[in-house]
1. Tell me whether segment 235-243 contains one or more residues that are within 16 Å of the chain's Cα centre (by Cα), surrounded by fewer than 20 Cβ atoms within 10 Å (Cβ to Cβ) and at pLDDT below 95.
2. Residues that are farther than 13 Å from Val213 by Cα and of a type in the set (D, E, K, R): does segment 261-277 have at least one?
3. Scanning segment 255-268 for residues that are surrounded by fewer than 24 Cβ atoms within 10 Å (Cβ to Cβ) and in contact with an Asp or Glu (Cβ under 9 Å, 6 or more places away or on another chain), which turns out farthest from Arg120 (Cα to Cα)?
4. Residue by residue through segment 203-216, note down the ones that are over 22 Å from Ser244 (Cα atoms) and out of contact with any helix residue (DSSP H, G or I) (no Cβ under 9 Å at 6 or more places or on another chain).
5. Being under 23 Å from the mean Cα position of the chain (by Cα) and touching a residue at least 12 places away in the same chain (Cβ under 8 Å) narrows it down to one of Pro394, Pro379, so name that one.
6. With β-branched (Val, Ile, Thr) and buried (at least 24 other Cβ atoms within 10 Å of the Cβ) as the only criterion, which of Ile13, Ile2, Ile26 stands out?
7. Ile41 - would you say it is of a type outside the set (Ser, Thr, Tyr), touching a residue at least 60 places away in the same chain (Cβ under 8 Å), in a loop (DSSP other than H, G, I, E, B) and crowded, with 16+ Cβ neighbours inside 10 Å?
8. Just to be sure, is Glu146 modelled with pLDDT under 95, more than 24 Å from the chain's Cα centre (by Cα) and not β-branched (Val, Ile, Thr)?
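The values are calculated or read from the model by the stated rules, or taken from the named source; none is laboratory data. Bear in mind that the values here come from a model prediction, so they are computed numbers and not experimental data. Positions of Cβ are generated from backbone atoms using ideal geometry, with glycine treated the same way; all protein chains shown enter the neighbour counts.
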Amino acid sequence: MIRKVLIANRGEIALRIARTCREMGIGTVAVYSTADRGSLITAYADEAVHIGPPQSRRSYLYMPNIVEAALRCGADAVHPGYGFLSEDPDFAEVCAENGLIFIGPRPDVMRRLADKAEVRTLMAAAGLPVLPGSEGSVPTQAEAEEVAAAIGYPVVVKAVAGGGGRGIGVAASRAELAEVYRQTSAYARAVFGNGAVYLERYLPVTRHVEVQVLCDQAGNAVHLGERDCSLQRRNQKLVEESPSPGLSSELRRRLGEHAVAGAKAVGYTGAGTMEFLLDPDGNVTFMEMNTRIQVEHPVTEMVTGIDLIREQINVASGLPLAFAQDDVRLTGAAIECRVNAEDPRAGFRPTPGQLKIFRPPGGPWTRVDSGFAEGDQVPPYYDSLIAKLIVWAPDRDQAIARAERGLAEFAVEGAGMETTIPLLRELITHPSFARAEHTTRFVDEFLG
């Protein structure tokens, strides 16, 4: 069994991982940049190691310092959380070369799944429905035009190395395609170090539904139901819920089966997420697979009663899954709202600063995951997430009411700081959300 885990992350997810480790009797090592000195996780973990200056590339993305910290503290495993190095196969490989257990899938599996164009081919071979699109990446604009003409406009241009809603552009005509192709490729090259892109037919009206899977090293795999992530702005999620409203039992069954089949087809181990698009006619198509714990994993935990971090650690330790598919039960409804230090009315401009007031809500079945306390500084160098409000209730209507109540209680103030709380309250109380009529375009249309 794993005895000590270095948490190669920061903020709420680092604290979330440390809490489960403490319950399991596992030691923890936190790492922190200069900007995060004195953060909650540095006080909570058993040990804390400084790994560099505020810039991510010199701290949370700098593998040598992270691995050195793990070895120096006697950690035998590394949990990457989400973001940063969580989906980097090179990091997983470096951990293995240094005798450290990487709490996630194998490096070779991560490499296969990192190429979004190749994943389309793999999943289609496994029987999952995919949108019409290119066979692999499209190296030139002329080839992109040929593919677009064959599958029909509008088309979406995606970075093969993309993820998290980044590296995506939409072209409604041949006239638009040249600029979208150029911009997406340039962005992908700058952000991911790989400018390759691929094309798919674009569905203008969709819901975003994802399925949580767990797979052990013995080949056993289960799904833990689905999450609806349709309330998003430019592919960045704001609100997530489980189960997805309006799904028939048959569609829910098929989604779960597709997710398990896809995970098994690539020899996946650990916790992963299969993402799908759902059109107004009830047709689902595979989008991508995320090889990390998701930001929105708490809603699945709330409706299943399963601690996903604990399962990740158990699988990485070589233990088989302790339950089969028939043992998984979804009860009630859960909603997560992301509270970010951003100004939604100014294009979601980040508004970092000191949390002069930070009073999270309480009450029944109300959970707040955060890496901050009152008086802390929200630094400008990283993601602007301050906290996640997660609620559970016996049904969706009660969950919406509980989430709205929690947001109304949530007091966050700082000099010059705006948050997404007012927008979140407007979104989850909107009649379209209450009737589950919202799509991935809803937020952008709402904001005009």
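1. Yes: segment 235-243 contains one or more residues that are within 16 Å of the chain's Cα centre (by Cα), surrounded by fewer than 20 Cβ atoms within 10 Å (Cβ to Cβ) and at pLDDT below 95.
2. Among the residues of segment 261-277, not one is farther than 13 Å from Val213 by Cα and of a type in the set (D, E, K, R), which makes the answer no.
3. Gly256
4. Residues satisfying the conditions do not exist here.
5. Going through Pro394, Pro379 in turn, just one is under 23 Å from the mean Cα position of the chain (by Cα) and touching a residue at least 12 places away in the same chain (Cβ under 8 Å): Pro379.
6. None of the other options fit; the residue is Ile13.
7. Answer is no for this residue.
8. In short, no.
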